[in-house]
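Where a number appears in this text, it was derived from the coordinates with a stated rule and is not lab data. Here the structure is a predicted model, which is why all the values come from computation and not from measurement. Every residue, glycine as well, gets a Cβ built from its backbone with ideal geometry; the counts of neighbours run over all protein chains shown.
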Amino acid sequence: MAQFQPKLVLIDLDGTLVDSVPDLSYSVDQTMLALGLPLRGEAAVRTWVGNGVQTLVERALTNTLDQPADPAAFEQALAIFMAIYAENTSQRSRLYPGVVEGLDFLQSCKALKVACVTNKAAQFTHKLLRDLGIFERFALIVSGDTLSEKKPHPLPLLYAAEQLGVEPTDSLMLGDSKSDVKAARAAGFKIITVSYGYNHGEDIRDYHPDAVIDSFQELTTLIQCA
């Protein structure tokens, strides 16, 4: 029996819809090469993504999850990364298996609104969604630089609900990380997480989402169309 009857589903991008780490990792390593620093590799980048490009670059510079980088070095690295990633936003990134089928199901629910809420900057978000053929699936796209705050702050979720005329109590977040869980709880949303995403190496179940799925195809049994 379906557990959720939302009027709005907000979906995260990186680690939920798209495996974007191959492009991010390539861009990080090319940035490190340009700076004469060691390559960081895809395994490390997978533990660093999810909090926006600026944080990713800082983590790559320090080769840690939470150490601050030298401001001058950071500005130099960020400029290099942005230029490289602009040319490599969707070269290696792919939709996860089951995403298209899950989106098809959500779109079949005529009264259900579907939006994308991500910490990724708009210039990269829009290109990635367009290149992977799912841009038109979303009634609204809220990127990391759309507002003054980004996840785990609840503002992006509350903004999306307000823009689409849906109460938070009738809304559902679909994400992959503790930032998504924290944002959803603070906004009064229900939260489903995927098991395969980016959560800094931690088990997403430790953050107690309302449900965990291995594929978007499972949404057909969890969500009831209004």
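Is it fair to say L172 is touching a Lys or Arg at 6+ places or on another chain (Cβ under 7 Å) and closer than 29 Å to Q217 by Cβ? Spell out how you get there, then give the answer.
Numbers: touching a Lys or Arg at 6+ places or on another chain (Cβ under 7 Å): yes; closer than 29 Å to Q217 by Cβ: yes.
Taking the combined requirement at face value, the residue satisfies it.
Remark: V142 falls outside the filter, which requires a residue to be surrounded by 16 or more Cβ atoms within 10 Å (Cβ to Cβ), farther than 19 Å from V18 by Cβ and β-branched (V, I, T).
Quick grid of which residues meet (1) among the aliphatic types (A, V, I, L, M); (2) within 20 Å of D145 (Cβ to Cβ); (3) in contact (Cβ under 8 Å) with a residue 60 or more places away in the chain; (4) out of contact with any Gly (no Cβ under 9 Å at 6 or more places or on another chain):
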position: T169; (1), (2), (3), (4): no, no, no, no
position: M173; (1), (2), (3), (4): yes, yes, yes, yes
position: S177; (1), (2), (3), (4): no, yes, yes, no
position: G197; (1), (2), (3), (4): no, no, yes, no
position: E202; (1), (2), (3), (4): no, no, no, yes
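Okay, residues lined up against (1) touching a helix residue (DSSP H, G or I) at 6+ places or on another chain (Cβ under 7 Å); (2) surrounded by fewer than 18 Cβ atoms within 10 Å (Cβ to Cβ):
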position: N119; (1), (2): no, no
position: G133; (1), (2): no, yes
position: K150; (1), (2): yes, no
position: A161; (1), (2): yes, no
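When you go through Y96, Y85 one by one, which is the residue that is in contact with a helix residue (DSSP H, G or I) (Cβ under 8 Å, 6 or more places away or on another chain), surrounded by 20 or more Cβ atoms within 10 Å (Cβ to Cβ) and among the hydroxyl-bearing types (S, T, Y)?
Details: Y96 fails: surrounded by 20 or more Cβ atoms within 10 Å (Cβ to Cβ).
It is Y85.
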